[in-house]
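Engineer: Below is one structure. I have some questions about it.
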Amino acid sequence: MEMSDEPKSWVEEARNRVKRISDLDPQDRLDIVYGIGLCCSTLAKSMQGWMQWIGNISLKDFERPELEEIFGIIKKATVQLMELDIDKTEKYEQSHGLRQKAPDRQNRLVS
């Protein structure tokens, strides 16, 4: 990428990433893994930005209806991604004999 082609803002970069992700048409397992990685890195960067906004109280500039919309979308996406995470992690652990034991309650620092 040439210097003049670099995104000038997060919005530009985000739009570029969304287009790249939308245009993906994986042909094999390696392409699929690449796509998953691109999606995850994009989400991670976005979530890092949201956390900065929360930390800086930048969301105070949004009205309640906008905050409710943001919360609803992020909540739904989070639940879906976490359910996927739980399901695939459980299946992986079962297939590899990695069932995790519940922590010993006597050794817990916080109850």
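The values are calculated or read from the model by the stated rules, or taken from the named source; none is laboratory data. If you're wondering where the values come from, they're calculated on a predicted model, not measured in any experiment. Counting neighbours? That spans all protein chains shown, and the Cβs are built from the backbone with ideal geometry, glycine included. Accessible surface areas use protein heavy atoms only, side chains included; no ligands, DNA or RNA. Shrake-Rupley method; radii C 1.70, N 1.55, O 1.52, S 1.80 Å.
Engineer: If you take the residues of the range 47-87 that are open to solvent by 70 Å² or more (accessible area, probe 1.4 Å) and not in a helix (DSSP H, G or I), which of them is farthest from L98 (Cα to Cα)?
Structural biologist: E63
Engineer: Need pairs with beta-carbon distance below 7 Å; first residue acidic (D, E) and within the range 84-103, second surrounded by fewer than 10 Cβ atoms within 10 Å (Cβ to Cβ) and at pLDDT below 95; sequence gap 6+ or separate chains.
Structural biologist: E93/R99; E93/Q100
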